[in-house]
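**Student:** My questions will all concern the structure given below.
What follows is calculated from the coordinates using simple rules that are stated; it is not laboratory data. What you see is a predicted model; the values in this text were computed from it and never measured. Ideal geometry is used to build each Cβ from the backbone, glycine not excepted, and the neighbour counts take in all protein chains shown.
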Amino acid sequence: GDDSGSGSDSGSGSDKIVLGFSQVGAESGWRTANTKSIQDSAKEAGIELKFSDAQQKQENQIKAIRSYIQQKVDIIAFSPVVESGWDTVLKEAKDAKIPVILTDRAVDSTDTSLYKTFIGSDFVEEGKKAGDWLVKEYTGKTETVNIVELQGTTGSAPANDRKKGFGDVIAADPKFKVIASQTGDFTRAKGKEVMEAFLKANPDIDVLYAHNDDMGLGAIEAIEGAGKKPGVDIKIITVDAVKDGMQALADGKINYIVECSPLLGPQLMDLVEKVHAGETVPARVVTEETTFTQEQAKAVLPSRQY
Ligand code: GYE
């Protein structure tokens, strides 16, 4: 991976906090904005950041964490690509007395002493918000609503939880039918490819629920390629609310976006400082988020930062 950030000016063994951060990858607009937020806020807080990009591979993240342990960084933070399989490496960090902060995504380790805190969104809640919009949109209608779902990275917390929250809400009414559900790995290219396959296999799709904007944007290309109108012939709900997604929402190609904020940097640096100072921090820090309709997207788009 890449080393970047504010490390170059740390000079003569200064007392700067050294943070090792293992990022998932650069799979989406959300991730790019998240990386920038972390790098900018580390710089601002005077924290020396060692940054590596795992290219969506757990083995790369485990390697990066082991290397941070070897380098004796003060704190390790990472955004776990999948939920399971972290116990061994987290135990190694604990034995080396290096505190770990989970950023953005959760792990399924039952031993919660393996990390200090977890900052990020409530993904089940996001899935529920997506489902709530759909239920409202089809109120009073009785015909079957055929839904296709583009899931995020298999085994990742946001894919598991966004599927669950949405599924729980729509289960209340049998007219909602998920007729196909597959991973698009949170990328535009995969979203397009899988949507093309969905369209070939299912002539009668009413709704697309995509676990992020990028897959939704890829799917829009597939829908247009099939001669259909995204947002009209097929209603689209996505999650994130990055600029390109908000533009498509304002243009009427997406119908609803559930916001997931990538701007976790400032809060993360605050937690890093507190953990380093031995202060107690809350076990869970949940990001505050909203939702956007097409009209709301038009209003906020000019001032959207990412
Ligand atoms: O929604 C997606 C990204 O973990 C919340 O990862 C994050 C998700 C985000 O690739 O766009």
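**Student:** Over the residues of the stretch 242-306, compute the C-alpha Rg and express it relative to 2.2 N^0.38 Å.
**Tutor:** That ratio works out to 1.50.
**Student:** Let me make sure I get this right: for the stretch 172-306, a, b and c are the square roots of the gyration tensor eigenvalues over alpha carbons, sorted descending. Under 1.5 in a/c it's rounded, otherwise prolate if a/b > b/c, else oblate. Which is it?
**Tutor:** Prolate shape, in that a/c is at least 1.5 and a/b is the bigger ratio.
**Student:** If you take the beta carbon distance between ALA96 and GLN305 as r and set R0 to 41 Å, what does 1/(1 + (r/R0)^6) give as a FRET efficiency, to the nearest 0.05?
**Tutor:** That pair, ALA96 with GLN305, gives E of 0.65.
**Student:** If you don't mind, there's one more thing I want to ask. Using r as the Cβ-Cβ distance of LYS72 and GLU289, and R0 as 51 Å, what FRET efficiency do you calculate, to the nearest 0.05?
**Tutor:** Working from the Cβ atoms, E equals 0.90.
**Student:** Please tell me the relative contact order of the chain in percent, rounded to the nearest whole number, where contacts are Cα pairs under 8 Å and at least six residues apart.
**Tutor:** The normalised contact order for the chain reaches 18 percent.
**Student:** Report the normalised scattering of the stretch 49-88 as log10 I(q)/I(0) at q = 0.14 Å⁻¹, calculated by the Debye formula with identical scatterers on the alpha carbons.
**Tutor:** -0.28
**Student:** Follow-up question, since we're still on this one. Using only the alpha carbons of the stretch 17-162, what is the convex hull's orientation-averaged projected area in square nanometres?
**Tutor:** Directional mean of the projected Cα hull area for the stretch 17-162 stands at 10.1 nm².
**Student:** Counting each DSSP H run of 4 or more residues in the chain as -39500 (n - 2.57), what helix-only mean residue ellipticity at 222 nm follows after dividing by all residues, to the nearest 500 deg cm²/dmol?
**Tutor:** The helix contribution divided over the chain gives -12500 deg cm²/dmol.
**Student:** Ranked highest first by average number of other Cβ atoms within 10 Å, how do 48-58, 149-159 line up?
**Tutor:** Packing proxy ranking, top to bottom: 149-159, 48-58.
**Student:** While we're looking at this one, here's another question. Can you give the convex hull volume of the alpha carbon atoms of the stretch 79-181 per residue, in Å³?
**Tutor:** Dividing the Cα hull volume of the stretch 79-181 by its residue count gives 93 Å³.
**Student:** Note the full-extension length gain between THR139 and ASP87 as 0.36 nm times their separation in residues minus their Cα-Cα distance, in nm to one decimal.
**Tutor:** Between THR139 and ASP87, full extension yields 14.2 nm more.
**Student:** Further question: To the nearest 20 Debye, how big is the dipole of the stretch 112-256 about its Cα centre, given +1 on the beta carbon of each Lys and Arg and -1 on that of each Asp and Glu?
**Tutor:** Dipole size: approximately 120 debye.
**Student:** May I pose another question? In nm, give the distance between the simple-model label positions of LYS228 and GLU59, each being 7 Å from the Cα along the Cα-to-Cβ direction.
**Tutor:** Between LYS228 and GLU59, the simple spin-label model gives 3.8 nm.
**Student:** Nothing charged except the Cβ atoms of Lys and Arg (+1) and of Asp and Glu (-1): what's the magnitude of the dipole of the chain about its Cα centre? Round to the nearest 20 debye.
**Tutor:** That gives a dipole near 240 debye.
**Student:** If I build a Gaussian network model for the chain, linking alpha-carbon pairs within less than 10 angstrom, which residue out of LYS94, LYS200, LYS63 has the largest mean-square fluctuation?
**Tutor:** LYS200
**Student:** Moving on to the next point. From the gyration tensor of the Cα coordinates in the chain, what semi-axes in whole Å does the equivalent ellipsoid have, largest first, with each one equal to sqrt(5λ)?
**Tutor:** The three semi-axes for the chain are 38, 19, 17 Å.
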